[in-house]
Structure formats: structure tokens, C-alpha cells
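Remarks on the structure that follows.
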Amino acid sequence: MITTTGLTKVYRSHGRETVALDGVDLHVREGEVYGVIGQSGAGKSSLIRCVNLLERPTSGTVTVDGQDLTALAGRGPRAGRELRRARSRIGMVFQHFNLLSTRTVQDNVELPLEILGKSGKERSRKALELLDLVGLADKARAYPAQLSGGQKQRVGIARALAGDPKVLLSDEATSALDPETTRSILTLLRDLNRQLGLTVLLITHEMDVVKSVCDSAALMEKGRIVESGTVGDLLATPGSRLAAALFPVGGEATGADRTVLDVTFRGEAAAQPVVSRLARTYNIDISILGAAVDTVGGLQVGRMRIELPGRYEDNVVPIGFLREQGLQIDVVGHESATLVKEAAK
Ligand SMILES: Nc1ncnc2c1ncn2[C@@H]1O[C@H](COP(=O)(O)OP(=O)(O)O)[C@@H](O)[C@H]1O
Ligand SMILES: [Mg+2]
């Protein structure tokens with residue numbers, strides 16, 4: 001549904017160049033919720049603004065629903081009209097809601113429909129239908145200042161849906177909201193995704209957001225996507241930093257000559273008996289540093305962090321034993337540990 005190839009964005013201001021996007025290949029499938037995560041300055045907002053051509057990419061292509069938007073940008077009035085039409089099919093939700101304070105809730109939702117030239121009757125019918133969909137049917141006549149943050153974001157979402165988009169882009173839509181409101185907005189996005197078959201590309205710096213609503217995720221760093229995939233695949237990828245951050249089990253090595261492993265298992269499988277058998281077979285003391293079971297991207301996943309005496313080289317055989325039992329084993333390395341700490345901040 002959304003594809004970018006070799007997307008770059010270079011900002012030039014005051015004689016300085018900032019490379020915000022450095023060759024991004026993104027693939028978002030129809031009907032999925034796709035999360036982009038990364039630290040501040042990684043290029044997440046630039047990516048989303050390039051996807052709907054709010055920002056003109058420096059090079060590369062953006063295709064949404066089979067239409068090459070980059071080919072339309074800046075190619076005369078006819079292409080301009082087509083680009084505007086294509087963009088009206090891409091909804092956008094903002095961190096600070098961007099509502100007009102002098103307009104009622106209903107009039108805010110009607111705004112994109114006015115721009116599309118819809119009749120008053122049609123606008124009003126559509127706006128009321130959308131307000132009902134986001135749970136704000138009784139607030140049509142209120143002004144933004146009379147609403148809570150969560151309600152304002154619901155208006156923002158209703159407005160984003162006015163053009164019957166197939167794609168919804170969301171740039172940190174919940175980062176100005178408290179945790180409970182965040183959850184309710186995320187549930188709404190997830191419901192809209194399911195009910196309307198809406199493809200959602202959302203940007204966040206919170207791992208919890210990815211965990212609770214995303215089917216797929218990408219990690220951005222310095223203008224590049226350094227990891228991406230379905231949440232299930234990421235969890236099954238040894239050494240995945242996103243997986244480690246999605247599912248931190250905690251617990252640090254208790255000494256220098258120790259090997260720390262993250263043992264991941266799916267669904268009904270259990271790691272405990274296998275770990276006990278390992279201890280008996282090799283006659284070693286194994287400490288459990290942490291354990292958790294969670295639902296990630298709709299999958300039940302368990303993770304246990306264990307510690308074996310000796311360095312990695314001394315534990316190749318026990319690690320092989322665990323892998324033979326069908327468990328996924330990650331040797332806890334430096335990189336994943338760092339990302340977990342960042343995500344926990
Ligand atoms: N309009 C702009 N002009 C110049 N530099 C910009 C502009 N927008 C973003 N940048 C720079 O591009 C980089 C990526 O920014 P951004 O896409 O906002 O990242 P993120 O959303 O991940 O925090 C940063 O170094 C930022 O300072
Ligand atoms: Mg940003």
C-alpha cells in the first residue's frame with residue numbers, strides 16, 4: 001500500500017545541509033498497522049511528511065496505493081490536481097491535533113470536505129457519521145477548547161478520515177496524552193484499521209505503542225531503516241534490537257565470567273523444564289534473571305533471561321542444546337542491551 005524506494009531528504013538552510021533521510025526503502029502492506037520507531041532526529045517525521053508529499057523528497061520514489069506520488073509532484077496543474085486528489089486519500093493525524101480553535105468540532109471535521117468541494121448537506125452528514133465513529137457524536141457543537149486532549153485527538157482522527165482515506169499517517173499522535181488516553185486512542189486506531197481496512201503508518205518513540213497495536217515495525221537511525229519486519233518475525237530474529245526493546249526481560253549479568261541468554265518461546269511452549277534439563281545434563285548452575293509472558297502483535301510470547309557460568313565460548317554446547325529443543329536463544333550482547341535501556345527511559 002505504501003512503498004518508498006531510495007528515499008532521501010536533504011534540508012538546506014543557512015548554507016547548512018542536513019541529511020534527514022538517507023535511502024529509505026519502506027514497504028507497508030495493505031491493511032496493516034506499521035510502526036516506525038526511533039530516537040528524536042532519526043528522520044521519522046521527515047519520512048511521514050515525504051510519504052504524503054507535504055515535504056518534497058530530494059530523491060527516490062513514493063508510491064501509495066499503486067500511484068507514484070513523486071511523479072506527480074511539480075509537474076504542472078493537471079498533475080497537481082491529481083496529486084491533491086491522491087493526498088486527500090491519505091489521512092494525517094498530528095501530535096498537537098492542529099484543530100482550528102474558532103471552528104466547532106463539526107466544522108473542523110468538515111474542513112477537508114469543504115476543500116474537496118462537497119455540498120453542505122453532504123459535509124454535515126459525513127462529519128456527524130465520523131464523529132459518531134470516534135465516539136464524539138455529542139460534541140459536534142463544542143469548540144476545541146472545551147475538549148480534553150484525548151477528545152481533541154479523536155476530532156483530529158475524524159477529520160483525517162473525512163476524505164475516505166485508505167491510508168492513515170500518524171506522527172506521534174499520542175505523545176501529548178496521558179497513558180490511559182493513549183491506550184484509548186490506540187484502541188481506536190486499531191479498531192478503525194480493522195473495521196475500515198485502513199492501512200496505518202504510525203510514528204512513535206514509545207515501544208509500548210508498537211507492542212500493543214502494530215503488525216510490523218521498523219527501527220530508524222540517522223535517516224535509515226536499520227531493522228524492519230512483522231513483529232512476529234522480529235521476535236524470531238536472533239539479535240534483533242527491536243525485539244529486545246519490544247520485550248525486555250531485564251536482569252544483568254552478575255559477574256564478568258558469565259553468559260546471559262534470552263530464551264524466547266511461543267504460545268504454549270515453556271522454557272522452564274528445558275532449562276532444568278539443561279542444568280541436570282551439563283551439571284551447571286543456571287540462574288533465572290528475569291521472565292515475562294506477554295502478548296506482542298497478537299502473539300503470545302514468553303521470554304526468560306538466564307545466566308550460565310563461564311564465557312560464551314565455554315557455553316557453545318549448552319546453547320546448542322537449547323536451540324535443539326526449539327527455543328530461540330539470543331546471547332545478550334552490547335547493542336540490544338543499550339536499546340532496551342533507551343526504550344525504558
Ligand atoms: N524543516 C527542516 N529544516 C531543516 N532541518 C530539518 C527540518 N526538519 C527536520 N530537520 C532535521 O532533519 C533531521 C530529522 O528530523 P525529523 O524528521 O524531524 O526526525 P524525528 O521526527 O525522528 O525526530 C533532524 O536533524 C532535524 O533537525
Ligand atoms: Mg518527529
- Restricting the search to the range 211-238, which residues are outside any strand (DSSP E or B) and open to solvent by 30 Å² or more (accessible area, probe 1.4 Å)? LYS211, SER212, ASP215, LYS222, ASP233, ALA236, THR237, PRO238
- Limited to the range 13-37, what total is found for residues that are within 8 Å of ligand 1 (Cβ to nearest atom) and within 16 Å of LEU169 (Cβ to Cβ)? 1
- Note on the structure: The correct count of residues that are in a strand (DSSP E or B) and open to solvent by 10 Å² or more (accessible area, probe 1.4 Å) in the range 21-33 is 4
- Task: Take the residues in the range 1-15 that are small (Gly, Ala, Ser) and without any contact (Cβ under 8 Å) to a residue 12 or more places away in the chain, then tell me which one is least open to solvent (accessible area, probe 1.4 Å).
- Result: SER13
- Message: Scan the range 159-170 and tell me whether some residue there is within 16 Å of ligand 1 (Cβ to nearest atom), within 28 Å of GLU30 (Cα to Cα) and assigned by TED's automatic domain parsing to the domain that holds ASN52.
- Response: yes
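Determine if the range 12-19 includes at least one residue that is assigned by TED's automatic domain parsing to the domain that holds GLU206, of a type outside the set (Phe, Trp, Tyr), part of a strand (DSSP E or B) and closer than 22 Å to LEU242 by Cβ.
Within the range 12-19, not a single residue is assigned by TED's automatic domain parsing to the domain that holds GLU206, of a type outside the set (Phe, Trp, Tyr), part of a strand (DSSP E or B) and closer than 22 Å to LEU242 by Cβ.
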- Query: Among (1) closer than 17 Å to VAL209 by Cβ; (2) away from ligand 2 (no atom under 16 Å from the Cβ); (3) touching a residue at least 40 places away in the same chain (Cβ under 8 Å), where does GLU172 come up short?
  - Reply: (2)
- Note on the structure: For ALA42, the lone unmet condition from (1) within 16 Å of ligand 2 (Cβ to nearest atom); (2) open to solvent by 30 Å² or more (accessible area, probe 1.4 Å); (3) assigned to a loop (DSSP other than H, G, I, E, B) is (2)
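So that you can scan it fast, the table gives a plain yes or no per residue for (1) exposed (fewer than 14 other Cβ atoms within 10 Å of the Cβ); (2) part of a helix (DSSP H, G or I):
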residue: GLU55; (1), (2): no, no
residue: GLY60; (1), (2): no, no
residue: THR63; (1), (2): no, no
residue: ARG84; (1), (2): yes, yes
residue: MET92; (1), (2): no, no
residue: LEU100; (1), (2): yes, no
residue: ASP107; (1), (2): no, yes
residue: LEU111; (1), (2): no, yes
residue: GLY117; (1), (2): yes, no
- Note on the structure: Of the conditions (1) touching a Leu at 6+ places or on another chain (Cβ under 9 Å); (2) open to solvent by 30 Å² or more (accessible area, probe 1.4 Å); (3) not in a helix (DSSP H, G or I), the single one that HIS96 does not satisfy is (1)
- Query: What number goes with the only condition from (1) within 13 Å of ligand 1 (Cβ to nearest atom); (2) touching a His at 6+ places or on another chain (Cβ under 9 Å) that THR4 does not pass?
  - Reply: (1)
- Show the residue pairs that are 6+ apart or on different chains and have beta-carbon atoms under 6 Å apart, the first residue being within the range 30-50 and of a type in the set (D, E, K, R), the second being more than 6 Å from ligand 1 (Cβ to nearest atom) and part of a loop (DSSP other than H, G, I, E, B). GLU30/MET1; GLU32/ASP215; ARG49/GLU55
- Query: Here are some residues: ARG89, ARG75, ARG81. Which one is more than 16 Å from ligand 2 (Cβ to nearest atom), in contact (Cβ under 8 Å) with a residue 60 or more places away in the chain and closer than 24 Å to THR4 by Cβ?
  - Reply: ARG89
- Criterion (more than 14 Å from ligand 1 (Cβ to nearest atom) and either assigned by TED's automatic domain parsing to the domain that holds VAL296 or farther than 24 Å from ALA160 by Cα (or both)) met by exactly one of GLY66, GLY91, GLY76, GLY41: GLY76
- All-but-one check, ARG141 against (1) within 16 Å of ligand 1 (Cβ to nearest atom); (2) part of a loop (DSSP other than H, G, I, E, B), failing number (1)
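Per-residue answers, yes or no, for (1) in a strand (DSSP E or B); (2) open to solvent by less than 10 Å² (accessible area, probe 1.4 Å); (3) over 22 Å from ASP215 (Cα atoms):
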position	(1), (2), (3)
SER124	no, no, yes
LEU131	no, yes, yes
GLY135	no, no, yes
LEU177	no, no, yes
GLU180	no, no, no
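The values are calculated or read from the model by the stated rules, or taken from the named source; none is laboratory data. Computed from a predicted structure; not experimentally measured. Note that we place each Cβ from the backbone using ideal geometry, even for glycine, and neighbour counts take in every protein chain shown. Areas reflect the complete protein model, heavy atoms only, side chains present, ligands, DNA and RNA absent. Shrake-Rupley method; radii C 1.70, N 1.55, O 1.52, S 1.80 Å.
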